[in-house]
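Inspection log for the structure reproduced underneath, given as structure tokens.
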Amino acid sequence: QVQLAESGGALVQAGGSLRLSCAASGSISSRKVLIWYRQAPGKQRDAVATITSGGTTDYADSVKGRFTISRDDAKKTVYLQMNSLKPEDTAVYYCNTVPLLSWGQGTQVTVSS
């Protein structure tokens, strides 16, 4: 089964930027939808950005205009560019597909005020 590995998380000041990567161990070109999720302490895991195989994107209202999702099927990687970060963006970020694969370990993003 394809495995997912997220990376790129860090501690950053409010207003800063990060680029997250999610590398798949196998092909993702057949995965019609790729999704970035995040889970803050004590909260449920929520989708923040999706991208289809055709490149159509969608974002949660809380990140719209600040985050950009992209995919590179040749590199088997999906990215999340995060700009104008806010303390409320602090969470563990995960990627996954439709249909779901096993969850990776995620990558911690911490935004200080």
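The values are calculated or read from the model by the stated rules, or taken from the named source; none is laboratory data. From a predicted model like this one, the values you see are computed outputs, not experimental measurements. Please note: Cβ atoms are built from the backbone with ideal geometry, for glycine as well, and neighbour counts cover all protein chains shown. Heads up: the accessible areas ignore ligands, DNA and RNA and are worked out on the full protein's heavy atoms, side chains in. Shrake-Rupley method; radii C 1.70, N 1.55, O 1.52, S 1.80 Å.
Each row is one residue, and each column tells you yes or no for (1) in contact with a Ser or Thr (Cβ under 6 Å, 6 or more places away or on another chain); (2) open to solvent by less than 50 Å² (accessible area, probe 1.4 Å); (3) not β-branched (V, I, T).
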residue	(1), (2), (3)
S17	no, no, yes
S29	no, no, yes
I35	yes, yes, no
P41	no, no, yes
T56	no, no, no
V98	no, no, no
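Go through segment 16-35 residue by residue and tally those that are under 15 Å from A74 (Cα atoms) and not in a strand (DSSP E or B). So the count comes out to 8. Just give me the residues in segment 42-60 being over 19 Å from G8 (Cα atoms) and not in a strand (DSSP E or B), in sequence order. Scanning segment 42-60 gives G42, K43, Q44, S53, G54, G55, T56, A60.
State which residue is nearest to K76 (Cα to Cα) when the search covers only segment 2-15 and only residues that are surrounded by 16 or more Cβ atoms within 10 Å (Cβ to Cβ) and touching a Gly at 6+ places or on another chain (Cβ under 6 Å). By that ranking, first place goes to L4.
Scanning segment 61-84 for residues that are loosely packed, with under 15 Cβ neighbours inside 10 Å, in a loop (DSSP other than H, G, I, E, B) and on the phi < 0 side of the Ramachandran plot turns up D61, S62, K64, N83. Which pairs turn up if I take residues in segment 23-34 that are at positive phi and look for partners that are surrounded by 14 or more Cβ atoms within 10 Å (Cβ to Cβ) and not β-branched (V, I, T) with beta carbon separation below 6 Å, at least 6 apart in sequence or on another chain? Final answer for the pair search is none.
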